[in-house]
Every structure is written in C-alpha cells, then in structure tokens.
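Just so you know, all these numbers are worked out from the coordinates, no wet-lab data involved. Computed from a predicted model, the values in this text were never measured in an experiment. Every residue, glycine among them, receives a Cβ derived from its backbone with ideal geometry; neighbour counts consider all protein chains shown.
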Amino acid sequence: MRNSPGCSTINVRVITNAKKKEIVKNGTDLKVKLTSLPIEGRANDELIKLLAGYFHIRKSEIQIVKGEKNKTKVVALPLDISVVMTFPDNG
C-alpha cells in the first residue's frame with residue numbers, strides 16, 4: 001500500500017463468483033468477494049461500486065491502478081490511509 005496526503009492506494013485481492021458480496025480487511029490489504037464473473041469488466045465494475053458504497057465516496061473517485069485483468073489489484077482511493085484502516089469489515 002502506498003499513500004500520500006488525502007490519497008492512498010490499497011492492494012485488493014478479488015474473489016469472483018462468490019455467493020455473497022463481502023469486504024474483509026487482511027492487514028493493510030482488502031479481500032473482496034464479488035458475485036459477478038470476470039467477463040467484460042463486470043467484476044471490476046462491481047468492485048468499484050462496492051468500494052464506493054463501503055467508503056462512502058463516488059465511483060468516479062476510485063481507480064484501478066494495476067491489475068485490471070488480474071485477481072490481485074492496486075486501487076487508488078481519495079482517502080488518507082488512516083481513514084481507510086478505520087473502516088470495519090462488512091462480512
């Protein structure tokens with residue numbers, strides 16, 4: 001995870017085709033379970049929508065920096081890392 005004032009990047013491990021949506025903190029990383037399949041960017045869209053709701057920010061403020069076609073991604077958020085780490089698991 002990298003960060004700068006007011007902005008941070010976080011490593012996200014994505015699990016697709018799960019029975020339910022879930023975000024679990026794993027140290028300083030996130031493990032995110034998605035119900036969609038990784039076809040035509042559907043899982044990435046669901047990831048961004050889920051993270052936007054979880055962190056209470058706009059979808060347009062979230063960017064997948066690395067790993068668009070991988071299960072391990074680096075995601076940029078417009079939040080300070082200390083704020084990101086205070087959010088509870090939503091499992």
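Residues in segment 10-44 that are free of Cβ contacts under 8 Å to residues at least 12 places away in the same chain and closer than 21 Å to residue 87 by Cβ: 27 alone.
Of all residues assigned to segment 28-41, at least one qualifies as being more than 16 Å from residue 74 (Cα to Cα) and hydroxyl-bearing (Ser, Thr, Tyr).
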